1. Name the single residue that is modelled with the lowest pLDDT among those in the stretch 175-202 being aliphatic (A, V, I, L, M) and either in a loop (DSSP other than H, G, I, E, B) or surrounded by fewer than 17 Cβ atoms within 10 Å (Cβ to Cβ) (or both).
2. Can you spot a residue in the stretch 216-227 that is among the aromatic types (F, W, Y), at pLDDT 90 or above and more than 18 Å from I184 (Cβ to Cβ)?
3. Between a first residue in the stretch 70-92 that is surrounded by fewer than 24 Cβ atoms within 10 Å (Cβ to Cβ) and a second residue that is outside any helix (DSSP H, G or I) and modelled with pLDDT under 90, which pairs have beta carbons less than 6 Å apart while being 6 or more apart in sequence or on different chains?
Amino acid sequence: MLPPSLLGYFVIPFIIGLFLAITMGGSGTGPAFSAAYGSGVLKKSAIAGLFGIMVFLGAIIAGKHTATTIGKDLIDPGLMNLQLVSIILFSVAISLLIANISGIPQSTSQSTVLAVMAAATYFNQGNPQKLFAEIIPAWFILPVVSFFISYLMGKYIYRPMRRRGLTISRSSNVNRKPVLNTIIIIMSLYVAFSIGSNNVANAAGPIASMTANELGVTDEKGFNLLLTFAVFMIAPAFGIGSSVFGNKILENTGKEIVLFGKFEAIIISFVSASLLLLASLTKGIPTSLVQLNVAAILGIGVAKLGPENIFKKTEVRKFFLMWLIAPAIAFVLCYTLIVIVHRYQLI
């Protein structure tokens with residue numbers, strides 16, 4: 001049982017973690033349900049509830065490996081106390097806020113990994129093998145795979161259908177078939193499930209390690225129980241974030257998605273969600289749905305319009321730049337705060 005003095009501090013990282021989850025829930029609504037909303041398949045009022053349920057299921061069923069990576073595998077879990085976890089989560093929140101102000105969707109997973117590695121670097125207690133041999137290579141490889149799979153599917157499925165007169169525009173006969181409406185709803189739920197398998201870990205993993213330290217839990221069974229508790233606390237906040245922030249994101253991305261037909265949206269959702277879920281289940285690698293999603297969109301776009309009309313766009317260059325800057329901000333801010341707090345012997 002935590003003493004009352006410690007219990008008050010204990011609430012702080014939970015509050016920061018819930019704030020992160022709410023923010024992630026708002027940003028995750030777009031890639032999950034923009035196609036369903038933009039094409040009129042689902043009403044806005046139904047989306048937050050469906051999103052929250054599927055994120056929760058994804059975290060409970062398939063999120064253990066990624067949460068363990070964030071909470072234990074990147075850094076000596078014995079260091080994950082109240083102060084350090086608060087600093088890590090706060091640094092991630094600030095980097096995400098800067099990306100949101102810039103209007104560019106950002107990977108919370110990458111910012112979280114860099115913030116944890118800042119702490120590991122300062123205390124010289126990290127696991128560079130996990131970072132450099134598994135996680136960082138996956139960050140580069142998976143978007144490339146997403147791009148080429150989507151490109152090939154666009155080239156060998158979209159183009160033949162267009163040549164046969166089955167154009168995949170929003171008003172086409174293909175798009176009006178009920179079976180596509182059903183599939184696009186299933187794909188939206190699938191994306192939300194994949195988000196749960198990966199992104200809930202950004203807050204749940206550090207909080208589980210912190211709780212284990214403060215309660216003196218050292219066995220694997222006890223940690224898994226605390227991890228499940230953290231997931232039960234954090235995952236529902238994704239649905240809250242979807243309800244609070246998701247409407248505006250759906251309006252923006254829903255209007256943009258009509259540039260693609262339902263069939264193309266299904267390809268984009270399937271490819272990006274499958275790769276994210278694969279990363280979660282096999283190696284527990286925290287990775288970016290946003291980047292997988294954008295890579296899939298670029299792949300379809302190149303198949304339709306050619307590379308010269310896609311990669312020269314200013315928006316694409318801005319995306320790449322912010323994807324480098326935001327995790328760097330999380331690392332630098334976390335490291336700086338640790339130096340300051342450690343100097344005053346608060347860690």
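The values are calculated or read from the model by the stated rules, or taken from the named source; none is laboratory data. Small disclaimer: the values here were computed from a predicted structure and weren't measured. Reconstructed Cβ throughout: ideal geometry from the backbone, glycine too, with neighbour counts over all protein chains shown.
1. Filtering the stretch 175-202 for residues that are aliphatic (A, V, I, L, M) and either in a loop (DSSP other than H, G, I, E, B) or surrounded by fewer than 17 Cβ atoms within 10 Å (Cβ to Cβ) (or both), the one modelled with the lowest pLDDT comes out as V179.
2. Yes - at least one qualifying residue is present in the stretch 216-227.
3. Q83/L346; Q83/I347
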